[in-house]
1. Could you give the length gained by full extension between Lys350 and Ile150, i.e. 0.36 nm per residue of separation minus their alpha carbon distance, to one decimal place?
2. Karplus couplings for the range 133-146 from phi (6.51 cos²θ - 1.76 cosθ + 1.60, θ = phi - 60°), rounded to Hz, Gly and Pro as x?
3. Fewest first, what order do Asp104, Asp268 take by the number of other Cβ atoms within 10 Å?
4. Could you list, in their original order, any pairs among Lys325/Lys366; Lys311/Lys361; Lys102/Lys171 whose Cα atoms are separated by more than 19 Å?
5. In whole Hz and in residue order, list the ³J(HN,Hα) couplings for the range 370-386 that follow from phi through the Karplus curve 6.51 cos²θ - 1.76 cosθ + 1.60, θ = phi - 60°; x for Gly and Pro.
6. For the range 320-325, in order, what is each residue's ³J(HN,Hα) by Karplus, 6.51 cos²θ - 1.76 cosθ + 1.60 with θ = phi - 60°, in whole Hz (x at glycine and Pro)?
7. Name the residues whose placed amide hydrogens come within less than 5 Å of the amide hydrogen of Tyr379, ignoring near sequence neighbours (fewer than 5 apart) on the same chain.
Amino acid sequence: MLWAANPRPAYSTTPAASSSAAMASSAAEALSRRLGAAVRGLSGAWYGRHMAAAENAIRTRLPLVDLVLEVRDARIPASSAFEPLCRPTLEPDGRRVIVLNKADLADPSETKKWIAYMKQRSCSCVAINSHSMESVKELLNIVRSRMREIKHGESNCTATVLLVGIPNVGKSAIVNAMHQIGRIAAAEKGKLKHAIVSSHPGETRDISGYKVASHPNMYVLDTPGVLSSRFTNDDFVSRLALTGAIKVSLLQEYDIAQFLLALVNSHDEYKKWENLNQVGANVSFSITSTSRSPNKKRQYVSDHTQDFVVKSVRQILFDSVSSFKGGLGKEDEFSSLIDCQMVSLQEAFKISTESSEDMGKSVALKLLNLYRTGRLGHYTLDHVPDDWQEVAA
């Protein structure tokens, strides 16, 4: 399995900045371990009967398919590895392509390092965005090329591809896009089925086949997401929870949001928001204007995805971190900063509830949604091992 080093913030190399970053990172890691321990305390509640059945079905099909596409989250290339493929007895030697999906949400420079790392380990790897047809076309071309190699150029045959991965990495979105690109005749367009795509993990329950190409005829088998039945690495677990691979209903959203804010506070991304008060400060975000263009999206105060709300969230986070006078290396003071940010974000999200518990949950859900859609920056939480980077340099 590709184990990653702990995340390292990319601060400037000045002694003061490096020291501050290291202290903040240390406090963030403490929250990560706490969240990971909470998940492990659920005693495998995320691994239901459907996952066990899906894993057995995948095991059965592995020897029968021509190619395996292992989909991972580009933000966590190591944490999102499909555990069954890491066992020597199940490794589809030479028949696997690792697909780093959601590359549009990850740090591009880190994604390039991961692709180079995979290549060094003689493993095919491609980064894609399942919502970009051009990106999926690149993947489909790679699959076709590999199939020609496997089938020795034979065109009158049938090839099968098994799509596997943990929950919520975008497998169904990928198969739908491949399916749409590869439809072979107008007569089939209304008849070919599509996979159900959801932002919630665990929606795919059965293995389904979708035709994506002809000459040779190529079918992709979409499989349910499967997590390991137990975890030993708390950092991996917390990252899986943050990116949405583990059902939110099993966890406290507030705890996950706290971990998210710890990451934001200990990375460099928030510094890009320094000039929000100057850049575009005169832009009006009125929600009552009647001179709005017919094609312009109506702006609602309660819609946290609106640009003016996201701008306010970013400004609050930048101001709070920049003006923080406490000790970043002290977990209690670092947690106090996060609690203050959660309270301040209530106003940015226009949340008004009597219950502080409801308020915290609402803030957490909206904040997590902004992160998971890339509105709070592009973070890669898993980094390639240090020893590889030294060799590559």
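1. Working: separation 200, 0.36 × 200 = 72.00 nm, distance 5.62 nm.
Fully extending the segment from Lys350 to Ile150 adds 66.4 nm.
2. 4, 5, 5, 5, 4, 4, 4, 4, 5, 5, 4, 4, 4, 5
3. On the way: Asp104 18, Asp268 13.
Starting with the residue having the fewest Cβ neighbours, the order is Asp268, Asp104.
4. Lys325/Lys366; Lys311/Lys361
5. 5, 5, 6, 10, x, 7, 10, x, 10, 10, 10, 8, 9, 10, 5, x, 4
6. 5, 6, 5, 9, 5, 9
7. When sequence neighbours closer than 5 places are left aside, the close amide H contacts are Asp107.
Every number in this text was worked out from the coordinates using simple rules, so none of it is lab data. Owing to the predicted nature of the structure, the values given are computational and were not obtained by experimental measurement. Reconstructed Cβ throughout: ideal geometry from the backbone, glycine too, with neighbour counts over all protein chains shown.
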